[in-house]
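For reference, the structure discussed in these notes is given below.
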Amino acid sequence: MTFDKLEDIEKYKGFHPGFERAIEFLRSADLEDLPTGRHLIDGENLFVSVVEYTTKEQGYLEGHKNYIDIQLITKGSEKIGYAKLNGQKIKEHYDTVKDIAFYFGECEYLTLMPGEFAVFFPDDLHMPGMMKDKTSEVKKIVVKVKV
C-alpha cells in the first residue's frame, strides 16, 4: 500500500509497467468533471471507474487478484482501512468476474482527501468508503491497472 499527494505521483511510474500510462491519464484528464462510470484507457488492461457515494460507518476489507487500484478523491473525504492479506477470515469468496473477495479482519486507517491518492496491490486488503467524523459525499476515481 502506498499513500501520497497527487502532485508527487510521478515518482511511482516504475511501480508497474501500466503505471506510466495511468499517471499520464491522471495528469491530463479533468478529474473533477470526469463523469461517473467506466472509462477505458487500454481496454481491460487499464481503465478508470468514477463513483459517487456517501461514506458509511461499517464495511469489510476487500481484495483483488487481477488489478492494482490507484484511488483518489476529487470531492469529500473518507477513511480507508488497509491490511496485508494474511489469512483473514473470508466473508465472501473471490468473484472471478468482479475480481473481488471480502474479508473480516483488523486494519489500520488512513484518511483520503482531495489531492491525495492510495495504491493497493493484490496483497493489500482495503476498506474504502468509511466515514471520518461524519458522513461525506465523495466522488472517487479508481484507476484499475491489470497485474
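Does E62 qualify as being over 26 Å from H16 (Cα atoms) and acidic (D, E)? Judged against the criteria, E62 is not a match. Filtering region 41-59 for residues that are of a type in the set (F, W, Y), modelled with pLDDT of 95 or more and either more than 24 Å from T96 (Cβ to Cβ) or surrounded by fewer than 18 Cβ atoms within 10 Å (Cβ to Cβ) (or both) leaves a non-empty set.
The set of residues in region 117-135 that are within 14 Å of D69 (Cα to Cα), assigned to a strand (DSSP E or B) and of a type outside the set (G, A, S) comprises F117, V119, F120, D124, L125, H126, M127, P128. Every listed requirement among (1) free of Cβ contacts under 8 Å to residues at least 60 places away in the same chain; (2) in a strand (DSSP E or B); (3) under 25 Å from E137 (Cβ atoms) is met by H93 save one, (3). Within region 108-124, is even one residue within 24 Å of D8 (Cβ to Cβ) and among the polar types (S, T, N, Q)? Within region 108-124, one or more residues are within 24 Å of D8 (Cβ to Cβ) and among the polar types (S, T, N, Q).
Selection of first residues in region 12-33 that are within 15 Å of G115 (Cα to Cα) and of second residues that are among the aromatic types (F, W, Y) and in a helix (DSSP H, G or I), restricted to Cβ pairs under 9 Å at least 6 apart or on distinct chains, gives the following pairs, ordered by first then second residue: I23/Y12. Pairing each residue of region 123-147 that is over 16 Å from L110 (Cα atoms) with any residue that is surrounded by fewer than 18 Cβ atoms within 10 Å (Cβ to Cβ) and of a type in the set (G, A, S), provided the two are 6+ apart or on different chains, yields C-beta distances under 6 Å for V142/S49. So, A22, is that one surrounded by fewer than 19 Cβ atoms within 10 Å (Cβ to Cβ), among the hydrophobic types (A, V, I, L, M, F, W, C) and within 20 Å of D4 (Cβ to Cβ) or not? The answer is no for A22.
Looking for something out of contact with any Gly (no Cβ under 8 Å at 6 or more places or on another chain) and not in a helix (DSSP H, G or I) - is there at least one such residue anywhere in region 5-15?
No; the residues of region 5-15 include none that is out of contact with any Gly (no Cβ under 8 Å at 6 or more places or on another chain) and not in a helix (DSSP H, G or I).
Here is a check on your reading of the model: is E52 under 20 Å from F117 (Cα atoms) and more than 12 Å from the chain's Cα centre (by Cα)? Yes: the conditions hold for E52. Restricting region 72-99 to residues that are farther than 27 Å from K5 by Cα and among the aliphatic types (A, V, I, L, M) leaves a set whose member that is surrounded by the most Cβ atoms within 10 Å (Cβ to Cβ) is I90.
The values are calculated or read from the model by the stated rules, or taken from the named source; none is laboratory data. What you see is a predicted model, and the numbers here were worked out from it, not measured in a lab. Neighbour counts run over all protein chains shown; Cβ positions are idealised from the backbone, glycine included.
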